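**Q** Can you keep this structure in mind? I'll have questions shortly.
The values are calculated or read from the model by the stated rules, or taken from the named source; none is laboratory data. Predicted model, so just to flag it, every value in this text is computed and none were measured. Positions of Cβ are backbone-derived with ideal geometry, glycine not excepted, and every protein chain shown enters the neighbour counts.
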Amino acid sequence: MQQYSIREISDMFHLPVSTIRYYEESGILTNIGRTASGQRIFTEGHVSRLKTICCFKNTGMTITQLKLFFSYESEEFEHLNDILALLQERKKSVAEQIKQLQGDYAHVLRKLHYYKDIKKSLLGSQPLPQWKDYQYKVYSSDE
């Protein structure tokens, strides 16, 4: 069975050691073994749990929601509807985030085209572009 130190886990997930300790203290990262000298020992099960934690945290799930999810998961048959409701809520939230990011990305593309065209105008003899001509355009890329 593969074992990892806290530093290896920290590097693997690009998380500060303090965050990993916090996850343990908060009860969302459990059953961490210790060496005779007290150093934490992590297993593949912890790696799997941290992948879930990081995924859900990236979607905006709070520590409280993570605790709830993992408590449901420990008795999943009894809490199947609760798990599904929590994940449906997260799905909806992620869809809203994606929609917001797509709108933000479109705005960045418009600004990028606008300022590239200003630069072209300054280097050539074209008239300066007007933002009103860009603010509602749809671009598929920045090129």
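**Q** Report yes if A36 is outside the structural domain of Q2 (by TED's automatic domain parsing), surrounded by fewer than 16 Cβ atoms within 10 Å (Cβ to Cβ) and small (G, A, S), otherwise no.
**A** Against the criterion (outside the structural domain of Q2 (by TED's automatic domain parsing), surrounded by fewer than 16 Cβ atoms within 10 Å (Cβ to Cβ) and small (G, A, S)), A36 does not qualify.
**Q** Kindly check whether there is at least one residue in region 48-56 that is of a type outside the set (S, T, Y) and over 23 Å from M1 (Cβ atoms).
**A** So far as region 48-56 goes, yes, one or more of its residues are of a type outside the set (S, T, Y) and over 23 Å from M1 (Cβ atoms).
**Q** Could you tell me whether V138 is touching a residue at least 12 places away in the same chain (Cβ under 8 Å) and surrounded by fewer than 10 Cβ atoms within 10 Å (Cβ to Cβ)?
**A** Yes.
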